[in-house]
Each structure stands twice: as structure tokens, then as C-alpha cells.
1. When residue A:67 is evaluated against the numbered criteria (1) modelled with pLDDT under 95; (2) surrounded by fewer than 17 Cβ atoms within 10 Å (Cβ to Cβ), which criterion, by number, is the only one it fails?
2. Take the conditions more than 8 Å from every other protein chain (Cβ to nearest Cβ) and more than 25 Å from residue B:191 (Cβ to Cβ) and apply them to residue A:234. Does it pass?
3. Taking the stretch A:270-293, which residues are surrounded by fewer than 18 Cβ atoms within 10 Å (Cβ to Cβ) and farther than 28 Å from residue A:153 by Cβ?
4. One residue is enough: does the stretch A:247-263 have a residue meeting the conditions free of Cβ contacts under 8 Å to residues at least 12 places away in the same chain, more than 14 Å from chain B (Cβ to nearest Cβ) and in contact with a strand residue (DSSP E or B) (Cβ under 6 Å, 6 or more places away or on another chain)?
5. For the stretch A:200-221, how many residues are in contact with a helix residue (DSSP H, G or I) (Cβ under 6 Å, 6 or more places away or on another chain), surrounded by fewer than 22 Cβ atoms within 10 Å (Cβ to Cβ) and within 14 Å of another protein chain (Cβ to nearest Cβ)?
6. Identify all residues within the stretch A:178-206 that are out of contact with any strand residue (DSSP E or B) (no Cβ under 8 Å at 6 or more places or on another chain) and in a loop (DSSP other than H, G, I, E, B); write none if there are none.
7. Identify, please: which residue in the stretch B:142-156 is crowded, with 24+ Cβ neighbours inside 10 Å and in contact with a helix residue (DSSP H, G or I) (Cβ under 7 Å, 6 or more places away or on another chain) and is, among those, farthest from residue B:80 (Cα to Cα)?
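The values are calculated or read from the model by the stated rules, or taken from the named source; none is laboratory data. From a predicted model like this one, the values you see are computed outputs, not experimental measurements. So basically every Cβ, Gly included, is an ideal-geometry build from the backbone, and we count neighbours across all protein chains shown.
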């Protein structure tokens with residue numbers, strides 16, 4: 001696990017194009033991206049990184065099929081096209097929503113050798129892919145999406161993700177990351193949906209960071225019951241809590257804050273509560289490369 | 001597994017009180033019950049079963065602690081008091097909401113021998129308890145709650161549950177139950193939360209019935225991804241689909257009905273789709289005794 005990112009820095013040169021730019025491929029495993037969003041991200045990268053980043057948005061990002069950016073076959077094919085293309089240093093997920101979990105079998109069956117020479121970045125619903133790819137020996141990172149540029153202050157989030165991809169800037173990383181202990185980060189709902197599946201990575205010894213958005217307190221509590229009762233999760237080094245935002249009102253009042261809930265289930269299950277994590281569904285969300293970055 | 005209910009019928013006599021009534025204890029592992037609801041259920045039982053049922057509502061049912069009918073310790077203690085009391089033939093969960101999962105460790109640690117001489121009935125959030133009790137060799141049944149009497153037409157639901165408890169009336173059972181194949185029934189969300197926990201029973205060879213309420217189609221889809229990707233779930237005899245009610249509007253339209261979603265994931269995972277099940281969060285909800293009833 002150690003040296004994972006040393007190796008990455010070395011291999012990044014394979015993802016440089018002829019002009020010395022870091023080549024980043026964007027695909028949309030879940031919801032579609034608006035073309036104007038892609039233009040804004042391209043312009044921001046050109047300005048902030050002065051031609052050192054080349055971002056290629058796969059046309060699949062702009063497709064629409066009901067809830068998704070194209071049907072399962074189309075989204076998986078686009079993902080594999082970029083994952084298996086040695087010219088890309090990174091595959092960046094356009095945005096969340098829902099859909100990544102649907103394409104896991106197709107994606108895992110189609111990955112070739114070049115897929116291990118790059119990293120995969122995203123979060124939220126993208127956690128399905130991060131988990132399965134990490135488990136199968138690929139480099140992954142919890143990271144803001146291109147779509148984040150639509151948030152108030154979202155330029156900073158996108159710039160942070162790019163700073164990690166282009167410069168491996170440690171300023172982009174979640175501040176508790178010490179480069180010694182392996183880490184991972186998940187949306188709490190997605191982590192719950194991974195428990196007991198063939199995509200759940202072995203997180204023994206990891207500091208696991210969780211964040212959540214738009215869930216009632218009783219639902220957060222129920223998710224905590226679930227993840228902390230899993231045998232594998234009880235082997236993690238500890239839990240850090242990111243932001244739990246846009247919590248709908250509980251009726252009747254739940255009587256505990258999100259942090260009290262998380263602390264309660266950590267104590268009940270013998271999992272160490274290690275404090276806050278600077279991650280969440282917001283513009284301040286940081287990068288958490290899985291493993292030892 | 002076969003003979004489970006033959007044994008039950010024999011042992012029911014232990015749950016008869018001195019007047020020959022079947023004694024039913026009601027506890028509230030999740031949300032509180034209104035005292036007036038208890039009175040209505042008592043009156044209905046007196047009328048419909050002409051003194052052959054004695055229903056005892058534990059005072060804990062009427063307590064209130066934030067979201068719950070008393071704190072975890074209080075709810076677990078009431079549950080154990082009735083579970084370990086040999087005078088009761090059945091322990092009936094007052095209602096759902098949220099809270100059963102929180103008291104599982106306390107309940108499982110406190111069950112004595114008399115707890116196996118009775119059955120436990122409820123559904124929805126109560127599925128946490130049904131699962132854990134079934135796994136540990138207790139008799140359980142998915143069943144309407146006493147609280148159901150507040151629904152339009154709810155008298156029929158409560159009468160159905162009582163007809164099973166008092167008379168073992170097969171008219172109360174979900175109609176696909178054939179007395180040959182083992183069965184189980186869960187709320188889909190609760191089943192997802194059981195996956196990968198020490199409370200998940202071995203459902204190999206079982207016909208598993210699922211129902212859901214108030215979940216978006218994308219969330220139902222995600223729940224189906226979760227449960228059908230679990231190794232243990234792939235060993236069930238097949239899935240039956242109960243009602244999925246009060247589905248909030250999906251934006252954009254999801255493009256599949258709940259049945260199409262369930263059929264899709266059954267096909268994708270090699271789990272047999274066996275058709276409908278007459279269960280759900282409604283007055284028509286039937287009784288599904290786990291195992292071979």
C-alpha cells in the first residue's frame with residue numbers, strides 16, 4: 001500500500017500528452033453533465049493551470065436516458081474506453097446522482113492493464129466505483145467533481161481536484177491525512193450499500209471518513225447501526241466524520257446531533273472516533289486518495 | 001425447519017391463561033403507541049374473538065423519548081420482560097417507525113429459554129428483530145401491527161394478525177405460502193440494512209418477499225443493486241414483490257416501474273422472480289411466518 005503514490009508520480013508521465021500536459025478524461029457513470037458546465041471547467045483549467053492540464057469530456061457525459069447519462073451499456077463503454085486508454089493520467093467522474101453501482105459488473109469485467117496506470121476520482125454515488133476499483137488494485141481518490149463548478153464557490157473545489165491531479169499538491173488533501181495511515185472516504189449511504197457486496201474493499205487498518213447529505217437524523221442513525229455492526233468495519237483504524245448537510249427536520253426531534261450519533265455508534269461498536277474530516281457535499285470538499293497518499 | 005409450526009400449535013397451550021385465553025404481549029421496540037390505539041385494539045379483540053384473546057400492552061408502549069417509545073434500555077427491558085415470560089404465547093410489536101435495530105444486542109443477550117416458546121410478530125422497522133430472532137432459532141412472523149387499526153380499513157389488518165395468533169387461521173397468511181417452501185418477508189430498506197450484519201439470517205432456499213413505502217424509484221433501484229449483489233441473497237429460492245407504495249416522483253422520470261426494477265435485478269443476479277406478494281404498508285398486509293408455516 002505504501003509507495004502507491006510514489007508509483008503514481010512516476011507513472012504520471014505516461015499520462016502526459018505530446019505538449020507535456022496532464023491528460024484528464026471525464027466520464028459520467030451516473031447523471032449527465034450540461035455541456036456549459038464542461039466549458040466552464042475547461043476554461044478554469046486553462047486559466048488556473050496555464051495549459052498544463054488537458055481535460056477531455058467524453059461525449060457520453062452529455063447523453064440522457066431517464067435518470068442517467070446514457071444507458072448502462074453506454075456509460076460502462078465510455079468508462080472503459082477512457083480507463084483502458086494509456087494516454088489518460090486520470091479518469092474523473094463528471095458528477096454524482098445515481099448510476100455508478102449499476103455498471104460495476106460491466107466495468108470490472110472490461111478493465112485492462114492500462115487501467116492500473118491512472119487514478120479514478122469522484123465521490124458520493126461514485127463511491128461504488130471507488131470501492132470496487134480500490135478493491136481490484138486501482139488507484140482511486142474521493143474528490144470534488146467537475147459538476148461542482150456550479151456551486152457557489154465551486155471554482156475552488158474544481159481547482160482543488162485539478163491541483164491534485166496536475167501537481168499532486170498536498171494542499172488539496174484532507175488535512176488529517178498524514179501519509180502514514182491508509183485512508184478512505186465514502187458517502188455514508190453508499191458505504192452502507194457496499195456492505196456485504198463483492199465490491200466492498202478490505203478497509204482493515206484504514207482511517208475511514210464519512211459524509212452525508214439530505215438524510216434524516218433517524219436515517220443517519222440507522223446507517224450507523226448498519227456500518228458499525230459489520231465485522232469488516234470493526235477492523236478499521238477509526239472513523240472521521242465529514243459534514244452531514246441539509247438534514248431534513250426530524251419529527252419528533254431526534255434528540256442527538258449527527259456528531260453525537262456517530263460518536264454513540266463508534267463507542268457501542270468499539271470503533272475509534274478520530275474527529276472531523278474536511279469532506280462533504282460542498283465547495284470545501286477535499287481530496288482523499290485511498291490507501292497511503 | 002419443517003414442523004416449526006406444528007411445534008408452535010402444541011406449545012400455544014403454554015400461552016393460554018387460566019381462562020383459556022391466548023395471551024398476547026405488546027411491546028414497542030420503535031415508536032410509541034397512543035393509549036387510545038391500545039384501547040381500540042383491546043375492544044376489537046374482545047368483540048372479534050369473544051374473549052379468546054387477552055392482549056397485554058406493556059406500559060413501555062406509551063413512553064416517549066425523542067424519536068422512541070422510551071430509551072434503548074427501557075425498550076429492550078420491556079421486550080425481554082415479555083419475551084422471557086412463559087405466560088405469553090406471542091410478543092406483538094406495537095408499530096414501526098425506527099428503533100428496533102438499536103436494541104438488538106441488548107435483546108439478544110437477554111433472551112432466556114421461555115423466549116423460544118412463543119412467536120414474535122411485526123414488520124417494517126421490526127424486521128431488524130424478526131431477522132435476528134429467526135437467526136437465533138425463535139419463531140417470528142411478518143404481520144400487521146396493533147397500530148394498523150388507525151388506518152382506513154385497519155380493523156381488518158389487526159383482525160388478520162389476531163386470527164393467526166389466536167386460531168392459526170391460514171386465511172391470515174400471504175396466499176402464495178404453500179406450507180412446503182420456507183418463506184421470509186422484509187421491508188426492502190431494512191433487508192438492505194441487515195446485509196453484512198451478524199443479524200442477517202441464512203435465507204438459502206427461502207422464498208423472500210419484499211415491500212417498500214415512501215422511497216424514490218432510484219432508491220428502490222439502489223436497494224435492489226445492494227440486496228441482489230449479496231452472496232447469501234443469491235442462494236434464496238426466489239423473490240416475491242409486495243406493494244411499493246407512496247413512491248415520490250422521480251425527477252427526471254426513472255423510466256421503469258417498481259416491478260420492472262425488481263425483475264431487472266433478479267434477472268441480472270440470477271435470482272428467480274416469483275411474482276407478487278400480498279404484503280405492504282397497508283390494511284391488506286398479510287401474515288408471513290418465517291420458515292415453513
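1. (2)
2. Spelling it out, it is not the case that residue A:234 is more than 8 Å from every other protein chain (Cβ to nearest Cβ) and more than 25 Å from residue B:191 (Cβ to Cβ).
3. The answer is A:270, A:272, A:273.
4. Yes, some residue in the stretch A:247-263 is free of Cβ contacts under 8 Å to residues at least 12 places away in the same chain, more than 14 Å from chain B (Cβ to nearest Cβ) and in contact with a strand residue (DSSP E or B) (Cβ under 6 Å, 6 or more places away or on another chain).
5. 2
6. A:178, A:179, A:180, A:195, A:196, A:197, A:198, A:199, A:200, A:202, A:204, A:205
7. It comes out as B:148.
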